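Each remark here refers to the structure printed beneath this line.
The values are calculated or read from the model by the stated rules, or taken from the named source; none is laboratory data. The shown structure was predicted, so the numbers you read here are calculated from the model rather than taken from an experiment. Glycine also receives a Cβ, built like all others from the backbone with ideal geometry; neighbour counts cover every protein chain displayed.
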Amino acid sequence: MSKNLIIVESPAKAKTIEKFLGNNYRVKSSFGHIRDLPPKGLNIDIEHDFKPNYEISPGKQKVINELRKLVKDSDVLLASDEDREGEAIAWHLTQVLSLDPSKTKRIVFHEITKPAIEEAINKPRTVDLRLVDAQQARRVLDRLVGYELSPVLWKKVRTGLSAGRVQSVAVRLIVEREREIRNFKSESSFKVSAVFSHDKDLISAVLNTNLPNEDKTAKWLKDIAKDTFKVLNLTTKPARRSPAAPFTTSTLQQEASRRLGFSVRQTMTIAQYLYEAGLITYMRTDSTQLSKLAVDSIGEFINQQYGATYLQSRQYKTKSISAQEAHEAIRPTNISLRTIKGDQTNKKLYELIWKRAVASQMADAKISQSEITIAIGGKPELFIAKGESLLFDGFMKVWGGTKEDVILPLVKKGDVLKLKSLSASEQLSRGPGRYSEASLVRKLERLGIGRPSTYAPTISTIQSRGYVNKTDLEGEVCTVTSLELKGDNLVKSTKQETIGSDKNKLTPTSIAEVTTDFLVKYFPSIVNYDFTAQIEEDFDEIARGKRQWQNMIKDFYKSFHPLIEKTANISRQEVSQARLLGLDPVSKQPIYARFGRFGPMLQRGETTQEEKPEFASMPEGSSIETVTLEQALNMFKLPRVVGKTAKGEKIQANIGRFGPYIKTGKISVSIKGYDPHTIDEVTARQLLTEKVKRESSRLIKDLEQGMKILNGPYGPYITDGKRNVRIDKGKDPALITQQEAEDILAKAPNKKRRYHRKQNK
């Protein structure tokens with residue numbers, strides 16, 4: 001009797017599913033994609049309808065051989081994830097295992113629970129070729145863009161760069177935001193606060209408009225000090241706060257960042273684990289819908305735990321511009337499980353998902369909002385006092401968000417209030433904020449660019465490729481003024497305030513700015529927000545069977561390829577964004593800040609003149625857009641002769657690609673923390689001596705062909721400059737011969753690649 005063979009994507013998922021099924025089922029993993037476009041070369045036949053040339057992915061032949069043996073005597077059920085990537089994996093499995101995609105059973109489920117698995121097995125379908133076509137279109141288009149556009153960037157900007165349909169737009173957003181911040185001019189105004197008394201009660205109020213400057217504010221405060229303050233109006237009105245929808249992929253990423261401080265990638269890694277462990281529903285989704293079964297089970301839980309007054313069952317309309325598949329929102333599979341054991345990060349994310357799902361089916365919070373409007377003599381300005389009290393916590397009981405009530409005293413229209421204190425504090429207007437990973441996801445989603453599966457890999461890519469840094473911002477220290485009326489005197493005080501400080505914000509590098517400007521100028525469609533969103537719509541049309549994928553790619557390529565050809569005659573100099581800082585007062589040569597082969601740099605002189613220009617590094621913390629002529633002139637004083645070694649060799653200080661350093665002969669030492677303009681001879685000698693000692697203590701044996709035996713933090717190892725191989729314990733590293741070292745390096749296994757589910761971006 002043949003067994004049923006279920007093929008899933010990941011080993012963890014296979015392990016969970018096996019627990020629910022009897023001995024008649026075998027569950028095996030494909031370990032993600034088993035076939036893809038080869039990494040080298042285009043591998044797309046443009047002349048024949050953009051036919052992709054797939055090959056078995058590295059390291060997957062053994063998996064395929066095992067599956068081929070099992071398929072021979074099994075009824076096969078393909079159970080990869082229910083999205084376009086999962087559908088493509090199922091289709092590729094049919095191709096390598098010689099299965100008919102129109103007959104092979106395909107099962108899908110939103111959660112890994114016994115009822116969900118059994119229901120899926122009882123209601124199989126076949127591979128949805130429309131979803132496969134949509135995934136192929138994305139893969140082919142992204143390969144065309146990457147293969148043809150990236151080499152242009154290598155030639156015109158810098159070797160090793162990459163471009164992508166989503167990643168280049170993400171970088172553009174960050175670059176444009178940085179320029180908005182750079183061009184923003186902070187303005188000062190004064191916020192006026194007052195405290196009034198009514199009988200024995202105190203009322204804190206704020207002026208309904210800020211005043212423009214210190215002089216006008218001081219005069220205004222003195223003018224109103226002896227005015228009459230009357231209650232103009234008192235309003236009390238009920239208000240409601242409703243719970244947010246259950247999580248989609250992007251809202252989970254955003255809230256996990258805000259509440260837990262998780263990166264987008266960290267959130268998705270944990271969510272993948274929770275899903276494969278059977279604890280939550282599928283974590284890649286645009287939908288805010290919950291199944292009827294989920295709504296009913298959550299409702300029953302709320303009734304039992306909190307009572308009927310806390311229950312308000314509801315469904316939420318999906319707000320995504322184009323939801324990809326009809327998944328459920330992310331929710332726990334067992335609502336009675338409030339928390340989980342084990343790793344704290346897993347626990348925190350699970351509890352966040354649990355709270356959001358339960359809160360979404362709870363009643364609105366009821367609030368009483370009150371406001372007192374206070375007239376100031378005959379002046380047009382008004383003081384406003386606001387109060388709020390929570391009447392019924394509703395969903396906040398689970399989700400949180402309650403705060404201390406602010407109760408306003410009972411007053412009547414026309415009541416005269418006594419002024420107790422009056423003050424004004426300077427407010428500095430804030431420019432637009434830099435993107436965090438979460439806010440970038442929110443922006444991309446609003447623009448309709450990318451899909452749930454693409455956000456995490458896109459954000460990782462733009463950081464790993466050197467376009468974007470995630471950094472903590474120190475901000476700028478400013479002096480702000482406060483004014484307080486004490487009797488008839490106005491007392492002025494100042495304090496230091498830091499504005500613009502922030503944590504984990506995305507900032508563009510100089511290469512990001514140069515690349516973005518180049519793409520905007522010569523490849524406007526690739527980084528155009530509307531165009532990129534339209535591409536996503538096209539993929540959706542293919543997934544719905546309303547458009548043929550080859551035609552969509554043909555239309556795209558017809559407009560894209562000519563742009564590649566037009567860039568052939570663009571010079572690197574034209575792309576380098578040279579910015580004239582001014583003239584050297586001594587040589588009268590122009591000084592430029594520009595982008596060079598290894599990044600931003602300074603240039604003194606013209607490239608067109610016979611005498612070659614001089615080059616210098618950029619000052620630390622500056623960019624092409626911000627460096628000044630004074631800073632540049634200082635950089636051309638390097639390299640600086642600091643002094644000599646004990647042997648009489650010259651010691652020079654300079655700044656290179658990796659920061660400040662000193663050098664003598666072939667020995668160079670990083671001097672991070674020291675200024676190459678001021679470091680003294682004694683310090684330089686000491687740093688060089690320490691470096692020589694460290695190097696000599698590391699070297700065990702110097703071999704031929706650049707090979708060495710060195711001491712490392714984990715013990716002795718052999719290196720040829722490219723590969724490092726540890727030496728077995730018990731073997732004396734000093735006795736290893738050249739031949740033995742070569743044999744050890746040759747026999748060392750290549751590092752295995754970890755399983756991951758490839759995402760296109």
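Name the residue, out of K379, K386, K403, that is of a type in the set (D, E, K, R) and under 34 Å from the mean Cα position of the chain (by Cα).
Working: K379 fails: under 34 Å from the mean Cα position of the chain (by Cα); K386 fails: under 34 Å from the mean Cα position of the chain (by Cα).
Unique residue meeting the criteria: K403.
Just to confirm my filter: which strands (runs of 3 or more DSSP E) fall fully inside region 342-431 and include at least 1 residues that are closer than 26 Å to L232 by Cβ, touching a Pro at 6+ places or on another chain (Cβ under 8 Å) and of a type in the set (G, A, S)? Break it down stepwise before answering.
Values: elements: 365-376, 382-392, 416-428.
By residue number, 365-376.
Could you check, for region 11-23, whether at least one of its residues is crowded, with 19+ Cβ neighbours inside 10 Å, in a loop (DSSP other than H, G, I, E, B) and either outside the structural domain of P151 (by TED's automatic domain parsing) or of a type outside the set (A, V, I, L, M, F, W, C) (or both)?
no
Looking only at region 44-61, decide whether some residue is free of Cβ contacts under 8 Å to residues at least 60 places away in the same chain, surrounded by fewer than 11 Cβ atoms within 10 Å (Cβ to Cβ), more than 20 Å from I553 (Cβ to Cβ) and not small (G, A, S).
no
Name the residues in region 567-583 that are of a type outside the set (S, T, N, Q), at pLDDT 85 or above, farther than 24 Å from R657 by Cβ and in contact with a helix residue (DSSP H, G or I) (Cβ under 8 Å, 6 or more places away or on another chain), would you?
Hit for region 567-583 is G582, nothing else.
Please go through region 130-152 and give me each residue that is over 28 Å from T16 (Cβ atoms), in contact with a Gly (Cβ under 9 Å, 6 or more places away or on another chain) and touching a residue at least 24 places away in the same chain (Cβ under 8 Å), ordered by number.
Those that are over 28 Å from T16 (Cβ atoms), in contact with a Gly (Cβ under 9 Å, 6 or more places away or on another chain) and touching a residue at least 24 places away in the same chain (Cβ under 8 Å): R130, D133, D142, V145, Y147, L149.
What do you reckon, is L78 touching a strand residue (DSSP E or B) at 6+ places or on another chain (Cβ under 9 Å), closer than 24 Å to A277 by Cβ, hydrophobic (A, V, I, L, M, F, W, C) and buried (at least 17 other Cβ atoms within 10 Å of the Cβ)?
Values: touching a strand residue (DSSP E or B) at 6+ places or on another chain (Cβ under 9 Å): yes; closer than 24 Å to A277 by Cβ: yes; hydrophobic (A, V, I, L, M, F, W, C): yes; buried (at least 17 other Cβ atoms within 10 Å of the Cβ): yes.
When the stated conditions are applied, L78 passes them.
If only one of S510, S482, S501, S525 is in contact with a Leu (Cβ under 7 Å, 6 or more places away or on another chain) and not basic (K, R), which one is it? Explain how you work it out, then say what you get.
Working: S510 fails: in contact with a Leu (Cβ under 7 Å, 6 or more places away or on another chain); S482 fails: in contact with a Leu (Cβ under 7 Å, 6 or more places away or on another chain); S525 fails: in contact with a Leu (Cβ under 7 Å, 6 or more places away or on another chain).
Unique residue meeting the criteria: S501.
Can you name the number of the only condition in (1) loosely packed, with under 13 Cβ neighbours inside 10 Å; (2) more than 15 Å from A205 (Cβ to Cβ); (3) β-branched (V, I, T) that V416 fails?
(2)
Would you be able to say whether some residue in region 479-499 is closer than 25 Å to R172 by Cα, not in a strand (DSSP E or B) and not basic (K, R)?
Checked region 479-499: no residue is closer than 25 Å to R172 by Cα, not in a strand (DSSP E or B) and not basic (K, R).
For region 106-120, what are the residues that are surrounded by 17 or more Cβ atoms within 10 Å (Cβ to Cβ) and either more than 37 Å from the chain's Cα centre (by Cα) or hydrophobic (A, V, I, L, M, F, W, C) (or both)?
I107, V108, F109, I112, A116, I117, A120, listed by residue number.
May I ask you to list the residues in region 201-226 that are within 14 Å of K191 (Cβ to Cβ) and either exposed (fewer than 13 other Cβ atoms within 10 Å of the Cβ) or free of Cβ contacts under 8 Å to residues at least 40 places away in the same chain (or both)?
Listed by number, the residues that qualify are T209, P212, N213, K216, W220.
Find the residue count for region 452-511, including only residues that are of a type in the set (A, V, I, L, M, F, W, C), exposed (fewer than 15 other Cβ atoms within 10 Å of the Cβ) and closer than 27 Å to A194 by Cα.
Of the residues in region 452-511, 2 are of a type in the set (A, V, I, L, M, F, W, C), exposed (fewer than 15 other Cβ atoms within 10 Å of the Cβ) and closer than 27 Å to A194 by Cα.
From the set of residues in region 51-82 that are touching a Lys or Arg at 6+ places or on another chain (Cβ under 7 Å) and assigned to a loop (DSSP other than H, G, I, E, B), which is farthest from P101 (Cα to Cα)?
Among those that are touching a Lys or Arg at 6+ places or on another chain (Cβ under 7 Å) and assigned to a loop (DSSP other than H, G, I, E, B), it is G59.
If you check every pair at least six apart or on different chains, which have Cβ atoms under 7 Å apart with a residue in region 419-438 that is in contact (Cβ under 8 Å) with a residue 12 or more places away in the chain first and a residue that is part of a loop (DSSP other than H, G, I, E, B) and buried (at least 16 other Cβ atoms within 10 Å of the Cβ) second?
Matching pairs, first to second residue: Q427/N210; E437/S263.
Give the residues of region 28-43 that are in contact (Cβ under 8 Å) with a residue 60 or more places away in the chain and touching a Leu at 6+ places or on another chain (Cβ under 7 Å), sorted by residue number.
The answer is S30, I34, N43.
Limited to region 383-402, what total is found for residues that are crowded, with 17+ Cβ neighbours inside 10 Å and either closer than 18 Å to F196 by Cα or polar (S, T, N, Q) (or both)?
Quick first cut of region 383-402, residues crowded, with 17+ Cβ neighbours inside 10 Å only: 383, 385, 387, 390, 393-399.
With either closer than 18 Å to F196 by Cα or polar (S, T, N, Q) (or both) added as a condition, the list becomes 383, 385, 387.
Residues flagged as crowded, with 17+ Cβ neighbours inside 10 Å and either closer than 18 Å to F196 by Cα or polar (S, T, N, Q) (or both) within region 383-402 amount to 3.
Of all residues in region 39-57 being under 31 Å from the mean Cα position of the chain (by Cα) and of a type in the set (S, T, N, Q), which is nearest to W549 (Cα to Cα)?
Result: N43.
Which residue out of R259, R284, R265 is of a type in the set (K, R), at pLDDT below 95 and crowded, with 18+ Cβ neighbours inside 10 Å?
R284
Looking for whichever is of a type in the set (A, V, I, L, M), in a strand (DSSP E or B), surrounded by 18 or more Cβ atoms within 10 Å (Cβ to Cβ) and in contact with an Asp or Glu (Cβ under 9 Å, 6 or more places away or on another chain) here; the options are V192, V132. Which one fits? First the steps, then the outcome.
Numbers: V132 fails: in a strand (DSSP E or B).
The unique qualifying residue is V192.
Pairs please, first residue from region 16-27 and under 13 Å from L5 (Cβ atoms), second anywhere and aromatic (F, W, Y) and part of a strand (DSSP E or B), Cβ atoms under 8 Å, 6+ apart in sequence or on different chains.
Close Cβ pairs satisfying both conditions: E18/Y25.
Can you confirm whether region 108-115 contains a residue that is modelled with pLDDT under 95, under 26 Å from G545 (Cα atoms) and in contact with a Lys or Arg (Cβ under 9 Å, 6 or more places away or on another chain)?
Yes, because at least one residue in region 108-115 is modelled with pLDDT under 95, under 26 Å from G545 (Cα atoms) and in contact with a Lys or Arg (Cβ under 9 Å, 6 or more places away or on another chain).
Being free of Cβ contacts under 8 Å to residues at least 12 places away in the same chain and over 23 Å from the mean Cα position of the chain (by Cα): is that true of L391 here?
Numbers: free of Cβ contacts under 8 Å to residues at least 12 places away in the same chain: no; over 23 Å from the mean Cα position of the chain (by Cα): yes.
Spelling it out, it is not the case that L391 is free of Cβ contacts under 8 Å to residues at least 12 places away in the same chain and over 23 Å from the mean Cα position of the chain (by Cα).
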